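Below: one structure, written as structure tokens.
Read the figures in this text as sums done on the coordinates, not as results from a lab. None of these values were measured; they are calculated from a predicted model. As a convention, Cβ positions derive from the backbone with ideal geometry for all residues, glycine included, and neighbour counts pool all protein chains shown.
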Amino acid sequence: MTSSIVSEFTVMRTYEDPNDPYSVWEVVNVFACTSGRSYRCTDQNVSPGSISYMVIASMIGGGTVVSEINTVRIVR
């Protein structure tokens, strides 16, 4: 049985089709969990186009939970 306590969050991005299983996802940032109730991530190195993001929560003792994918459009 795995724990339901989160050890860290990983923010990922792709400029490719987020529904394509062969899309390349890059790590934007990794946050260790603290006693804080919220976390914020600013992606400083973006290029124009559509960027899709997801967050992966890694659990203590193993296992992960993956967020929905959100896509934003950067004009310039």
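Label reach from I74 (point 7 Å along Cα→C-beta): in segment 30-56, amide nitrogens under 16 Å belong to 41-54.
Only the Cβ atoms of Lys and Arg (+1) and of Asp and Glu (-1) were treated as charged; on that basis the dipole of the chain about its Cα centre amounts to roughly 320 debye. Most simply put, the chain has about 100% antiparallel DSSP beta bridges, counting only bridges with both residues inside it.
Label sites at M54 and T42, each approximated as a point 7 angstrom past Cα along Cα to Cβ, lie 2.7 nm apart.
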